[in-house]
Every structure is written in structure tokens, then in C-alpha cells.
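Input: a single structure, listed below in C-alpha cells.
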Amino acid sequence: MYKKIVIFNILFILVPCIVYSSNLVITTLDNPPQAYLENDVPNGVLVDIVSAIVKKSGCTCTIKVVPWRRALKMVQIGTADAIFNAGYTADRNEYLFYPSCTLITEKVIALRRKGAGVFLKADLSNAKDYKVGVGRGFYYGKEIQNAIDSNMFMRVEEVPNINLNMEKLKLDRIDMFFADYLPAMKFLDSMNSKADIELIVDPKTGKPIVYGRSDTYLAFSRKTVPNGLAEKINEELVKFKKTGVYDEIIRKYIKDYINLE
């Protein structure tokens, strides 16, 4: 009789966890084309990818696009189960489980006025020649951050969004600005600005120069998601990235997408 009671109590504790984890609440920030709301419905590159791999793992998900601080708070206190587009930090690792596979690696490129002749070398060795724009609070990878911190550029101007960087560039107040590749391409498409603005490219390859890289993850709340489930979803992501579907999803949102790996 005692054994039956113990077993019943264990099942009573476990069953709600299993049912709860079958539908994951996943948060992220508004960051087109990775994630954004269209008629109050989440859309975007990472929305599609995350939804696909969660489904393949046998679960469903509800994705919430909210301000970034709220997104982090929700996974920290356990009102959300996971968050994506999250870079690794030691502080976040206290409450987030980071799997081995990156969801996407953000690639930092630079934009200039078309025909301006501005050319920042990949090693940043001529940084002193240029005035650059950056997004306030954005992290562009170790190399660029070190260059900013050590005053390698002629001048660095911070703005809250890419629109203001674009305006400053057109007004000749800056020579170039840094941006994440996918949002920059989406912005150029939506604003039809390609006649005035262009990416700085490597003359040898014709591809945009990548000045920095920053890995981001689908990370899981340590409060609500067992490591086993997180690893299962991670395995689906590993397999998914080996298929052509991953790049197909990106091209769905970015018609001129070039794989810069």
C-alpha cells in the first residue's frame, strides 16, 4: 500500500510537468526579419525555424514578441520556457540552459553611401580614417567592440535604431555604419534604399565583408524545461541546419540573401 501511494505521488508530480512542457512559451524581441508581429501574429526567419524544430521534437510552442528586458525576465522567473536570439553571458547562464548548437550567428557588415569610396579593411587597420555609426546597446562582436573601446575610429556616433544611422549616412555626418546582416538587408528591401546605400564588399569575392560575428541561441529556462527536452530540441536544430530548408526560410524573407558562412 505504501509503495502504491509513493508511486501515485510521483506520477502526480511528474504528469503536470510533462503536459506543461509539451507546449512551450518562447519569447523574443521585435527584430525584423528574425522576429516581428504582422497583424499581431509572430513572423520571421527565426520564428519559422524555431517553430519547425520544436514541432519535430514532438512539442508545440507559443511565441511571444515582447521588449527584450521583459523577454529575459519571463524566462528568468519561469513564465516562459525559452528565449531565442539570446547571446551567451555568464549572468544569463545562471537561469538559462544554453545548448551546444547556435540558432543563428549574427554577422556584422558595414553600409556606406553608394559610390563614396569608403572602404574599411576587414582587419580594421584603417579605422582611424572613418566616422562610424552604431546602434546604442548593440553588441557587434569582440573585434569591433575592442576597436570602439580603444578609440580606433575617428569618431563613433550612437543612435537608437538603423533608421537614424541611415539618415546620418545620407547627410554625410558619418562615413558608414555597422549592422547585423539580415536586418540590414531587410531594411534596404523595405525602404527601397539600394540606389543610395550599399554594403562594403570584398573586391576579391564580391561578398559583403563580415567584420564581426556573434552567436545567438534558443536558450531554455532552467526553472521549467528539463535538460533532456532542451537537448532533444537541440538535436533537431542540428539536423535542420544540415538541410536546405534553413537557407530557404531565410530567402523567404530576404530575396537577395547570400550565405556568408
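Can you tell me which residue in the stretch 202-231 is nearest to L260 (Cα to Cα), limited to those that are out of contact with any Asp or Glu (no Cβ under 8 Å at 6 or more places or on another chain) and buried (at least 19 other Cβ atoms within 10 Å of the Cβ)?
Y217
Run G78 past the list (1) surrounded by 15 or more Cβ atoms within 10 Å (Cβ to Cβ); (2) on the phi > 0 side of the Ramachandran plot; (3) not hydroxyl-bearing (S, T, Y) and report the number of the one that doesn't hold.
(1)
Return the residues of the stretch 29-42 that are outside any strand (DSSP E or B), in contact (Cβ under 8 Å) with a residue 60 or more places away in the chain and surrounded by fewer than 22 Cβ atoms within 10 Å (Cβ to Cβ); say none if nothing qualifies.
P32, the sole residue that qualifies.
Could you tell me which numbered condition R112 fails, if it satisfies all but one of (1) under 21 Å from the mean Cα position of the chain (by Cα); (2) crowded, with 19+ Cβ neighbours inside 10 Å?
For R112, the failing item is (1).
For E231, are the conditions met, namely being among the acidic types (D, E) and either touching a strand residue (DSSP E or B) at 6+ places or on another chain (Cβ under 8 Å) or under 30 Å from I148 (Cα atoms) (or both)?
For E231, the condition - among the acidic types (D, E) and either touching a strand residue (DSSP E or B) at 6+ places or on another chain (Cβ under 8 Å) or under 30 Å from I148 (Cα atoms) (or both) - is not met.
Scanning the stretch 232-247 for residues that are more than 19 Å from the chain's Cα centre (by Cα) and not charged (D, E, K, R), which turns out surrounded by the fewest Cβ atoms within 10 Å (Cβ to Cβ)?
This residue is G244.
Residues of the stretch 88-128 being among the acidic types (D, E) and either out of contact with any Asp or Glu (no Cβ under 9 Å at 6 or more places or on another chain) or within 22 Å of K186 (Cα to Cα) (or both), which ones?
Within the stretch 88-128, D91, E94, E106 meet the criteria.
Can you name every one of the strands (runs of 3 or more DSSP E) wholly within the stretch 43-151 that holds 1 or more residues which are over 27 Å from D30 (Cβ atoms)?
Correct list: 104-113, 131-135.
Looking only at residues in the stretch 89-147 that are of a type in the set (D, E) and out of contact with any Ser or Thr (no Cβ under 9 Å at 6 or more places or on another chain), which one is nearest to L237 (Cα to Cα)?
E94
Scan the stretch 163-201 for residues that are among the hydrophobic types (A, V, I, L, M, F, W, C) and surrounded by fewer than 16 Cβ atoms within 10 Å (Cβ to Cβ) and jot them down.
Within the stretch 163-201, L171, M191, A195, V201 meet the criteria.
Inspect all residues belonging to the stretch 44-54 and state whether any of them is among the charged types (D, E, K, R), at pLDDT 95 or above and surrounded by 17 or more Cβ atoms within 10 Å (Cβ to Cβ).
Yes, the stretch 44-54 has at least one match.
Does the stretch 79-87 contain any residue that is in contact with an Asp or Glu (Cβ under 6 Å, 6 or more places away or on another chain) and under 24 Å from P42 (Cα atoms)?
Checked against the condition, which is being in contact with an Asp or Glu (Cβ under 6 Å, 6 or more places away or on another chain) and under 24 Å from P42 (Cα atoms), the stretch 79-87 yields no hits at all.
The values are calculated or read from the model by the stated rules, or taken from the named source; none is laboratory data. All values derive from a computational prediction rather than experimental measurement. For neighbour counting, all protein chains shown are included, and Cβ atoms are generated from backbone atoms with ideal geometry for every residue, glycine included.
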